[in-house]
Ligand code: IPT
């Protein structure tokens with residue numbers, strides 16, 4: 001088999017003049033890259049474990065004597081491998097988004113260059129090892145290493161998240177082998193690895209010694225295509241040296257290099273059909289798992305097996321809150337299971353090839369993968385891309401080396417459907433060279449790269465954070481043209497994806513539903529990848545989770561590193577729950593009054609036989625009936641209308657709602673039978689506004705007021721720690737604060753400038769009638785004449801008190817309001833919440849798809865969403881009534897007309913806004929309750945577009961009401 005990389009001119013010689021960690025070469029001495037496989041019958045010895053370790057401040061502080069087998073390292077400390085030494089008490093991690101944390105002077109790196117010397121001694125497990133070849137394999141070392149075995153230098157390498165192998169057979173001895181490695185934090189390679197993440201050096205992936213018996217597989221390439229018209233798969237396995245491939249299930253027994261076409265079931269992310277096979281050469285038997293599929297761009301659409309696919313994707317960095325990028329197999333599996341359980345069908349491996357075992361999991365569980373090269377030079381952007389390595393021929397060998405290491409390692413995974421050249425590198429000849437090499441080596445997969453708007457080197461048009469309007473124009477192939485007509489025509493004929501969108505930083509992202517509607521409307525829009533999968537908060541004894549700056553970095557980007565759909569401990573955030581709902585692969589719509597439901601299969605390949613459908617009927621949130629719903633196994637894209645049955649007890653008075661659900665009919669590898677995949681609620685009988693009884697004298701209401709200020713003192717004996725007052729402030733979210741590169745207005749700044757965090761309440765009048773108390777206040781920040789005139793009208797029908805709030809804006813408000821409602825304080829004992837409304841999780845106007853109507857309970861503590869960086873959170877939508885009670889069942893009940901947004905927390909909004917880490921928030925003696933008539937949407941402006949106009953809370957004349965009542969006090 002030809003190895004295009006064999007004639008690389010750069011593979012063997014270090015650059016003269018510069019030390020190896022600064023020269024731009026990818027290293028020297030290593031073997032050509034080849035396909036990875038998890039196991040074979042050739043022996044392997046994991047060298048993971050406790051190694052000896054010492055850290056030096058510079059690359060040259062220590063000499064190389066430690067590499068000698070006789071060197072005495074007993075005085076050194078110990079370090080687990082794989083690991084980042086900065087997470088084991090040696091130095092500290094540092095976070096920057098795009099800025100290089102050193103002077104930009106390529107290829108030079110600072111003299112202060114933390115350098116870890118590592119040493120491990122090992123014995124060969126058996127005598128077999130003494131014959132034949134053996135290779136030492138490093139799956140990931142950041143950022144540059146020099147390697148010795150038994151005192152002999154093997155070579156050097158760069159390319160942190162890429163594999164490197166060295167031939168070592170002749171150097172091995174039965175016992176007492178000494179592997180010595182010097183790892184530098186900074187190298188010329190660092191200029192190519194400016195991804196938005198922690199800088200964390202170390203041997204962070206597995207190290208193994210692989211026996212290569214004579215005649216073992218040097219490399220193999222599985223070509224397994226699928227012809228959807230004929231229903232056949234064509235298999236050819238190229239291998240060096242030659243051998244045979246058997247696929248028992250298909251009755252195939254082929255010579256390598258020979259092809260066969262037989263009827264097969266195709267592989268897709270939805271139906272990940274794999275065939276077990278064995279590749280046997282004279283020296284090795286390698287188990288293969290073969291998936292047949294064909295990827296193509298046809299008629300401007302990305303297709304797999306002849307069908308348009310829709311990415312419901314996420315960007316995944318490798319991250320563990322204690323181990324950084326040293327992610328174990330169980331954590332990888334957990335990621336895949338969590339993705340599948342949340343209806344995610346695609347992963348972009350931002351911005352480097354993941355641990356190779358992750359791709360095996362994607363093959364087995366079914367996820368489309370964009371495999372991205374370990375390449376980003378974002379820090380050149382602020383310099384106008386001057387000296388950008390991807391546009392400098394001297395760096396091209398390093399770029400080609402990276403492309404080859406990715407493609408060769410990962411080429412046999414059916415899950416990988418696109419190769420990505422890298423991220424945020426600007427444009428340049430080096431990228432074209434990479435694309436050319438990849439096309440030549442693997443024409444079966446289209447190429448992706450986002451950073452070049454001219455799309456010169458790619459097959460799909462990709463963007464990040466484009467707003468809804470622009471995405472819609474692209475969907476219509478009506479985007480603004482490129483200056484060059486030919487490039488424009490080529491790009492306009494390409495399919496489109498958003499390789500990053502919906503920035504999941506803090507509370508949010510908002511606007512997912514609107515994007516999904518576009519993706520489902522326009523054929524060209526083939527979905528997107530939410531940025532990003534998990535918060536990179538590092539476990540920290542004092543801060544809970546640490547982010548940029550918490551380790552004393554001079555230059556850092558704060559909590560911009562916490563922008564995932566999972567919290568650092570992998571608990572799903574409300575954003576993930578929302579995404580799951582928005583991308584559900586089955587649409588359930590209907591008419592609750594007519595009791596009809598329409599089911600649409602939104603899968604691209606799977607029919608609905610894997611799902612079971614059921615309904616429940618609830619009146620005022622209480623279940624009245626439930627049953628199964630027989631849905632035929634509709635094929636992809638098919639839809640049908642069904643009649644819902646007549647529920648028993650449907651004549652009960654009150655608001656009535658159908659919930660129709662689709663759940664797994666059988667256990668799947670990633671979830672058990674009964675796991676919910678899709679659902680909807682349909683109103684059968686709408687809510688009637690609460691009936692207001694005949695007024696009684698306020699004196700008989702059981703409520704007490706301060707007649708001077710008109711403030712509520714207590715209801716039914718329940719003391720107000722703080723009386724209800726008009727409230728418009730929220731602790732700004734990351735999305736409220738916005739990003740400087742976004743054109744939309746950053747409301748957080750505008751709000752603070754206007755003073756919405758320090759409004760004053762001027763009492764205008766208190767009017768006391770026997771049956772009504774009317775308080776007028778003017779609510780306004782200092783130094784402006786803008787105001788909200790608020791009228792509180794208190795009445796009672798004998799059962800608690802009713803508050804009608806009218807709000808009249810004065811002046812021309814330049815911004816939406818953060819919220820509009822009342823805030824009150826109640827005693828800290830009322831820590832148990834119950835409500836009938838949206839739940840179970842938080843929701844905001846543009847993040848409310850997953851909020852479902854029901855009766856919910858929670859402690860006040862559990863109502864909080866633990867964003868790593870504290871900010872507004874925890875609102876429940878569409879609340880009809882809510883109660884807060886103490887352990888004895890005494891407390892407060894609030895009913896809203898209309899429904900309201902309900903938030904309760906043990907600290908004030910001001911405390912929340914002032915906090916920088918979760919432990920800064922300390923419960924005090926009050927529970928603060930926000931009853932909001934309306935709240936501002938969330939948007940995605942921490943990196944993307946702001947709140948869509950329909951989700952903004954405009955200052956306008958408004959009226960709403962609440963009934964407050966003590967409960968359980970009798
Ligand atoms: C984009 C990057 O590609 C990604 O790595 C991450 O930094 C993300 O932003 C923000 O969290 S680049 C951005 C400047 C559009």
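Every number here is computed from the coordinates shown, using simple stated rules; none is lab data. Everything numeric in this text was worked out from a predicted model, so none of it was measured. As a convention, Cβ positions derive from the backbone with ideal geometry for all residues, glycine included, and neighbour counts pool all protein chains shown.
Remarks
- Nitroxide proxy distance, nm - points 7 Å out along Cα→Cβ at residue 104 and residue 628: 6.3
- Mean separation of Cα contacts under 8 Å (6+ apart) over length of segment 220-294, as relative contact order %: 32
- FRET efficiency for the residue 112 to residue 675 pair, using the beta carbon distance and R₀ = 60 Å, is estimated at 0.70.
- Of the beta bridges in the chain, as assigned by DSSP with both residues counted there, near 90 percent are antiparallel.
- Kirkwood Rh (inverse of mean 1/r, distinct Cα pairs), segment 585-685, angstrom: 13.9
- Projecting label points 7 angstrom from Cα along Cα→Cβ for residue 922 and residue 131 puts them 7.2 nm apart.
- Centroid-to-centroid separation of segment 386-460 and segment 42-87 [C-alpha atoms, Å]: 34
- Percent RCO, i.e. relative contact order, over segment 712-967, from Cα pairs under 8 Å lying at least 6 residues apart: 25
- Rounded to 0.05, the FRET efficiency of the residue 828 and residue 808 pair, given R0 = 41 Å and the Cβ-Cβ distance, is 0.75.
- Extension gain, residue 72 back to residue 517 (0.36 nm per residue minus Cα-Cα distance, nm): 153.7 nm
- P(r), alpha carbons of the chain - 20 Å bins starting at zero, rounded %: 13, 40, 32, 13, 2, 0
- DSSP beta bridge pairing in segment 297-581, given as percent antiparallel to the nearest 5: 25
- For segment 383-480, average projected area of the Cα convex hull in nm²: 7.5
- Neighbour counting of Cβ atoms within 10 Å sorts the residues 547, 465, fewest neighbours leading, into 465, 547.
- Modelled this way, with points 7 Å down the Cα-to-C-beta line, the labels at residue 322 and residue 48 are 1.5 nm from one another.
- Highest-first arrangement of 553-560, 295-302, 600-607, where packing means the average Cβ count within 10 Å: 600-607, 553-560, 295-302
- Fully extending the segment from residue 722 to residue 774, taken as 0.36 nm per residue of separation minus the present Cα-Cα distance, adds 16.9 nm.
- On the beta carbon distance between residue 469 and residue 641, with R0 = 41 Å, the FRET formula returns roughly 0.80.
- MRE, 222 nm, helices only [DSSP H, n ≥ 4, -39500 (n - 2.57), over the chain, to nearest 500]: -3000 deg cm²/dmol
- Taking the chain and dividing mean pair separation by its residue count, relative contact order in percent (alpha carbons under 8 Å, at least six apart): 9
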